[in-house]
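Visitor: Sharing a structure with you now.
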Amino acid sequence: VLMANNDVSVHGIWASRWIFILAATGSAVGLGNIWKFPYMVGVYGGGAFVLVYLLCIVLIGLPIMLAETLLGRRGRQSPVNTLKSLAAQSGGSSKWSWAAMVGMVGALFILSFYSVVAGWAFEYIVAMGNAEFGGISAGAAEQRFAALTGDPLRLTLWHTVFMIFTAWTIARGVNAGLERSLRVMMPLLFLLLLVLLGFSMTSGHFKEGLVFLFHFDLSKVPDGILAAMGHAFFTLSVGVGSIMAFGSYMPKKTSIGKAVLTVGLIDALVALTAGMALFPIVFAAGLEPSAGPGLMFITLPYAFGQVGMGQLFGFIFFLLVGVAAWSSSISMLEPAVAYLVERTKRSRALVTTIIAIGCWVVGLGTVMSFNILADARFFVADEAGWHFFAWTETGGKTFFDSIDYLTSRIMLPLGGLCFVLFAGWVLDRDVVRAELAMEKSRLFPVVYTLVRYVAPVGVMIIFLTELFK
Ligand code: PFF
Ligand code: NA
């Protein structure tokens with residue numbers, strides 16, 4: 001049965017049909033593309049990882065994004081309440097809303113470390129502005145980064161600044177906060193990106209980087225398969241309800257399919273561009289691509305210090321990273337803020353402040369995992385067996401690694417799996433078809449198959465592969 005549904009959410013509605021694309025792209029394009037993707041490609045050995053990542057985006061990530069968007073627009077509430085009310089309308093169990101609850105918490109966990117890393121970018125905006133890297137040696141660039149991550153107070157300072165930026169934008173609401181900032185941030189982001197692309201294309205050394213990115217060595221696939229899927233979720237911001245929340249502010253007339261394809265395409269292009277810009281520099285500098293999280297903060301600043309106008313472009317680059325991180329972080333806060341506003345009927349400003357403080361506190365764990373708590377490790381396996389926690393310099397995961405692992409590899413895929421199952425199996429087929437405006441489209445069965453079978457089975461296979469490897 002097609003139920004009557006609302007045309008507005010209590011939180012607001014995007015002023016035009018383009019704003020959803022702006023908001024979802026803002027959410028998707030972030031540290032995941034510019035910082036995480038290149039270093040993961042390095043760690044997991046190049047092209048094989050990229051191939052699995054792209055497959056996961058098309059076959060799993062995009063169907064889930066589609067599902068989240070249509071659920072949001074149909075439900076017109078925070079993800080938790082959207083699933084509750086849609087379940088009630090479709091005769092499904094209200095337990096489905098737990099998936100949104102897990103996702104919501106996952107998004108807040110992500111924000112806790114995202115804010116710390118975004119803080120590094122802020123530090124580097126200032127450093128580049130002061131031309132600190134002119135002619136610097138590779139070793140000095142490494143020390144510069146180590147000095148930053150070794151200083152908990154400095155990290156906390158930037159973490160605080162970034163969290164305030166994020167909370168401030170969200171507190172002002174869907175239209176006055178989110179929408180107004182995105183209208184400025186996104187054009188700026190693309191302008192900066194184009195400038196940088198031009199810069200990196202004229203700096204040569206393209207080939208080695210390209211080969212590294214696109215040389216598909218299939219023997220390396222099994223290693224990074226869960227990592228690649230986890231990153232596909234992370235980079236598209238799916239599995240947490242952020243896209244669902246943004247979908248709930250989407251005007252009726254916007255085409256969901258086109259919007260989702262646009263967002264996915266831009267996100268993948270930005271990641272590949274970042275890789276293409278970064279790896280040639282890594283190789284030219286004689287450095288290792290497997291450097292891990294520090295890749296962007298050591299290799300790039302060093303490279304910028306070696307070339308003419310490098311400091312200026314370095315400044316532009318880190319500004320881009322900062323803006324991209326900011327337009328993503330706001331989307332991590334939105335599901336929880338919308339939910340608590342609905343639930344407590346308190347003001348958005350109050351709710352935002354409280355949640356942001358909570359995330360800030362958890363973020364201190366990430367701050368300290370680079371210095372005073374570097375030896376506090378979780379999930380440690382050694383000769384004596386397996387420990388949840390141990391003090392050790394080797395093995396296990398730091399607090400930061402643990403939260404990153406828990407969210408990307410477990411919470412996001414599980415959340416996404418539930419969302420896509422809900423759209424495919426609980427919601428009425430006609431509702432899905434109508435929401436996608438595909439009543440007359442012959443493509444609908446293809447899309448519906450992706451949502452109903454391909455994406456969920458894909459997630460399950462990858463989970464099982466990991467379990468039995
Ligand atoms: N998609 C963002 C990125 O690639 O940096 C990260 C992200 C944003 C993850 C929002 C989750 C989320 F809810
Ligand atoms: Na992304």
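Here, each number is a calculation from the coordinates, and none is a lab measurement. Note that this is a predicted model, so its numbers are computed, not measured. Note that each Cβ is placed from the backbone with ideal geometry, even for glycine, and that neighbours are counted across all protein chains shown.
Visitor: What whole-number volume per residue, in cubic angstrom, does the convex hull of the C-alpha atoms of the stretch 208-282 give?
Guide: Values: hull volume 8.7 nm³, N = 75.
Dividing the Cα hull volume of the stretch 208-282 by its residue count gives 116 Å³.
Visitor: In deg cm²/dmol, rounded to 500, what helix-only [θ] at 222 nm does the chain give when every DSSP H run of at least 4 residues adds -39500 (n - 2.57) and the total is split over its residues?
Guide: -22000 deg cm²/dmol, from helical runs alone.
Visitor: Within the P(r) computed for the stretch 37-77, what percentage of the Cα pairs occupies the region above 14 Å? Mind showing how you got there, number by number?
Guide: On the way: 481 of 820 pairs.
Summing the P(r) tail past 14 Å for the stretch 37-77 gives 59 percent.
Visitor: Gain in length, Ile410 to Phe444, computed as 0.36 nm per residue apart minus the alpha-carbon separation, to one decimal in nm?
Guide: Numbers: separation 34, 0.36 × 34 = 12.24 nm, distance 2.99 nm.
This chain segment gains 9.2 nm when fully extended.
Visitor: Taking the Cα centre of the chain as the origin, how large is its charge dipole in debye, to the nearest 20, when only Lys and Arg (+1) and Asp and Glu (-1) carry charge on their Cβ atoms? Let's see the in-between values first.
Guide: Working: 30 positive and 25 negative charges, 373 e Å.
With only Lys, Arg, Asp and Glu charged at Cβ, the dipole is about 1800 debye.
Visitor: What number comes out for the charge environment of Ile355, summing +1 per Lys or Arg and -1 per Asp or Glu over other residues with Cβ under 12 Å away?
Guide: With Lys, Arg at +1 and Asp, Glu at -1, the neighbours total +1.
Visitor: As an exercise, use a Förster radius of 41 Å and the Cβ-Cβ distance of Leu194 and Glu342 to find the FRET efficiency, rounded to the nearest 0.05. Display every interim value, and only then the final one.
Guide: Working: r = 40 Å, r/R0 = 0.97.
Given R0 = 41 Å and the Cβ-Cβ separation, E is 0.55.
Visitor: Could I ask something else about it? Any idea how far the Cα center of the stretch 387-416 sits from the one of the stretch 1-78, in Å?
Guide: Computed from Cα coordinates, the inter-centre distance equals 23 Å.
Visitor: Of the peptides 26-33, 356-363, 64-71, how do they stack up when ordered by the mean number of other Cβ atoms within 10 Å, highest first? Before the final figure, lay out the partial values.
Guide: Working: 26-33: 27.1, 356-363: 18.6, 64-71: 29.8.
Final packing ranking: 64-71, 26-33, 356-363.
Visitor: Okay, moving on. Grab the other residues whose beta carbon is less than 13 angstrom from that of Ala285, score K and R as +1, D and E as -1, and report the net.
Guide: Details: positive: none; negative: Glu142, Glu208, Glu288.
Neighbour charge sum, excluding Ala285 itself: -3.
Visitor: Compute the signed sum of charges (Lys and Arg +1, Asp and Glu -1) over the other residues within less than 15 Å, Cβ to Cβ, of Ile21.
Guide: Details: positive: Arg17, Arg73, Arg183, Lys253, Lys258; negative: Glu68, Glu179, Asp267.
With Lys, Arg at +1 and Asp, Glu at -1, the net is +2.
Visitor: How large is ³J(HN,Hα), in whole Hz, for each residue of the stretch 427-442 in order, when computed from phi with the Karplus curve 6.51 cos²θ - 1.76 cosθ + 1.60 and θ = phi - 60°, using x for Gly and Pro?
Guide: Karplus-based 3J(HN,Hα) across the stretch 427-442 equals 5, 5, 4, 5, 5, 4, 4, 5, 5, 7, 6, 10, 4, 9, 7, 7 Hz.
Visitor: Across the chain, what fraction of all alpha-carbon pairs, as a whole percent, falls in each successive 10 Å bin from zero upward?
Guide: 4, 21, 32, 27, 13, 3, 0
Visitor: Using a Förster distance of 30 Å, how high is the FRET efficiency between Trp18 and Val457, based on the Cβ-Cβ distance and rounded to 0.05?
Guide: Numbers: r = 34 Å, r/R0 = 1.13.
Calculated value: 0.35.
Visitor: Another question, if that's okay. Applying 1/(1 + (r/R0)^6) with R0 = 22 Å to the Cβ-Cβ distance of Leu153 and Asp375, what FRET efficiency is obtained, to the nearest 0.05?
Guide: Working: r = 20 Å, r/R0 = 0.89.
For R0 = 22 Å, the calculated efficiency reads 0.65.
Visitor: Using +1 on the beta carbon of Lys and Arg, -1 on that of Asp and Glu, and nothing else charged, what's the dipole of the stretch 159-228 about the Cα centre, debye to 20? Intermediate results must be reported in sequence, preceding the final value.
Guide: Details: 5 positive and 4 negative charges, 66 e Å.
My answer is approximately 320 debye.
Visitor: Still on this model: Can you give the alpha-carbon Rg of the stretch 357-469 over 2.2 N^0.38 Å, where N counts its residues?
Guide: Ratio of Cα Rg to 2.2 N^0.38 Å: 1.56.
Visitor: For Val184 and Leu210 in the same chain, what is the full-extension length gain: residue separation times 0.36 nm, less their Cα-Cα distance, in nm?
Guide: Values: separation 26, 0.36 × 26 = 9.36 nm, distance 3.24 nm.
Full-extension gain reported as 6.1 nm.
Visitor: At 0.36 nm per residue, and after removing the present C-alpha to C-alpha distance, how many nm does the segment from Leu350 to Ser94 gain when stretched out fully? Walk me through the numbers before you get to the answer.
Guide: Numbers: separation 256, 0.36 × 256 = 92.16 nm, distance 2.80 nm.
Additional length available on full extension: 89.4 nm.
Visitor: Please work out the Cα center distance from the stretch 282-301 to the stretch 80-144, rounded to the nearest Å.
Guide: Each part reduced to its Cα centre gives a spacing of 22 Å.
Visitor: Which of the listed residues, Trp96, Phe214, Gln306, is farthest toward the dipole's positive end in the chain, when Lys, Arg count +1 and Asp, Glu count -1 at the beta-carbon?
Guide: Looking along the dipole axis, the top candidate is Trp96.
Visitor: Now for a different question. May I ask you to evaluate 6.51 cos²θ - 1.76 cosθ + 1.60, the Karplus curve with θ = phi - 60°, for each residue of the stretch 398-404 and list the ³J(HN,Hα) values in order in whole Hz, giving x for glycine and proline?
Guide: Per-residue couplings from phi come out as 5, 4, 4, 4, 5, 5, 4 Hz.
Visitor: Which residue, chosen from Trp35, Leu148, Val58, occupies the Cα position most advanced towards the positive end of the dipole of the stretch 20-171, where the dipole is computed from +1 (Lys, Arg) and -1 (Asp, Glu) charges on Cβ about the Cα centre?
Guide: Checking the options against the dipole of the stretch 20-171, the answer is Val58.
Visitor: Going by a ≥ b ≥ c, the root eigenvalues of the Cα gyration tensor, does the stretch 124-167 fall in the rounded group (a/c under 1.5), the prolate group (a/b larger than b/c) or the oblate group?
Guide: Details: a/c = 3.88, a/b = 1.75, b/c = 2.21.
It comes out oblate by the Cα gyration axes.
Visitor: Additional query: Please state the Cα pair-distance histogram of the stretch 350-400 with 5 angstrom bins from zero: what percent is in each bin?
Guide: 5, 22, 21, 15, 12, 10, 8, 4, 2, 1
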